[in-house]
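Beneath this line is the structure, given in structure tokens, with notes to follow.
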Amino acid sequence: MNARISRRSYWLKTLHQWHWMSAALSLAGLIVFAATGITLNNAAWIEASPTVESRSATLPDDLRSTLVDMADKAATVALPREAERWLDNEFNIRVRGRPAEFSADEVYVGLPEPGADAWLAISLPDGHVEYERNARGWVAYFNDLHKGRNTGAAWSWFIDIFAAACLMFAVTGLFLMTMHATNRRATWPLTGLGVLIPLVLMLLWVH
């Protein structure tokens, strides 16, 4: 009997420890993802105020010559570091090795980011650079974070780690419910209801 009580006490302590640690790790992410779940599901109710920014400049001749030489060799490749640095400084952007599409007389670089779409085009004959950015606001920014749209590798890793923490939170919560269920009669009816409601919705009304 004492061994059983001791074993139960050990697992309760261990599960509580993992439960609160995973809760702490996933708390901020859960708030953001839950809030953006609402904004995504009700996008038609939220007014967007997009802003368009357009700028232009002229690429230095040495960089233009380099791009002209590259246009004969590749259709899609990253820009040279020197050209990236010049564009970053000139337009206050981060090209960061993004693929550039070369054609006979133009280089096009797509620069999508969370909450905004942007691009730049370089005219090879004269070096004229056109840059445009269409920002859709903070709601769109957080919605794109929710979807992992145009967010890069670091955010992708965060989503995976956050998802693992959420799984740990849910699984340890399930085991804790199991251990306390005898003293809480509503445990399994509520848990079953939480499973039944989305299942019925999926089967009958999702199409």
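The values are calculated or read from the model by the stated rules, or taken from the named source; none is laboratory data. For clarity, every value in this text was computed on a predicted model and none was experimentally measured. Positions of Cβ are backbone-derived with ideal geometry, glycine not excepted, and every protein chain shown enters the neighbour counts.
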Just give me the residues in the stretch 131-152 being over 8 Å from the mean Cα position of the chain (by Cα), outside the structural domain of residue 89 (by TED's automatic domain parsing) and hydroxyl-bearing (Ser, Thr, Tyr), in sequence order.
141
Just to verify a result, which residue in the stretch 32-86, among those that are surrounded by 12 or more Cβ atoms within 10 Å (Cβ to Cβ) and among the hydroxyl-bearing types (Ser, Thr, Tyr), is farthest from the chain's Cα centre (by Cα)?
65
If only one of 57, 104 is touching an Asp or Glu at 6+ places or on another chain (Cβ under 6 Å), over 18 Å from residue 152 (Cβ atoms), not hydroxyl-bearing (Ser, Thr, Tyr) and not in a helix (DSSP H, G or I), which one is it?
57
Just one of the numbered conditions (1) surrounded by 10 or more Cβ atoms within 10 Å (Cβ to Cβ); (2) in a loop (DSSP other than H, G, I, E, B) is not true of residue 198; which one?
(2)
Single condition residue 89 does not satisfy, out of (1) surrounded by 15 or more Cβ atoms within 10 Å (Cβ to Cβ); (2) under 30 Å from residue 122 (Cβ atoms); (3) out of contact with any Phe, Trp or Tyr (no Cβ under 7 Å at 6 or more places or on another chain)
(1)
Could you list all residues from the stretch 133-187 that are in a helix (DSSP H, G or I), more than 23 Å from residue 27 (Cβ to Cβ) and in contact with a Ser or Thr (Cβ under 7 Å, 6 or more places away or on another chain)?
181
For the stretch 40-49, state whether one or more residues are under 23 Å from residue 170 (Cβ atoms) and part of a helix (DSSP H, G or I).
yes
Could you list, ordered by first residue, the pairs with Cβ atoms under 7 Å in which the first is in the stretch 3-18 and of a type in the set (Asp, Glu) and the second is in a helix (DSSP H, G or I), at least 6 apart or interchain?
none
Here is a list of conditions, (1) out of contact with any strand residue (DSSP E or B) (no Cβ under 7 Å at 6 or more places or on another chain); (2) farther than 19 Å from residue 148 by Cα, and residue 75 meets all of them except one; can you say which number that is?
(1)
Cross-chain or 6+ apart pairs with Cβ under 8 Å, the stretch 96-110 first and at positive phi, then surrounded by 15 or more Cβ atoms within 10 Å (Cβ to Cβ):
96/84; 97/78; 97/84
Residues satisfying the stated conditions in the stretch 153-191, i.e. within 27 Å of the chain's Cα centre (by Cα), more than 23 Å from residue 11 (Cα to Cα) and not small (Gly, Ala, Ser)
155, 157, 158, 159, 160, 161, 162
Among the residues of the stretch 101-111, are any of a type in the set (Gly, Ala, Ser) and either in the same structural domain as residue 166 (by TED's automatic domain parsing) or over 17 Å from residue 128 (Cα atoms) (or both)?
no
Selection from the stretch 114-132 of residues that are surrounded by fewer than 18 Cβ atoms within 10 Å (Cβ to Cβ), in a strand (DSSP E or B) and of a type outside the set (A, V, I, L, M, F, W, C)
117, 123, 128, 130, 132
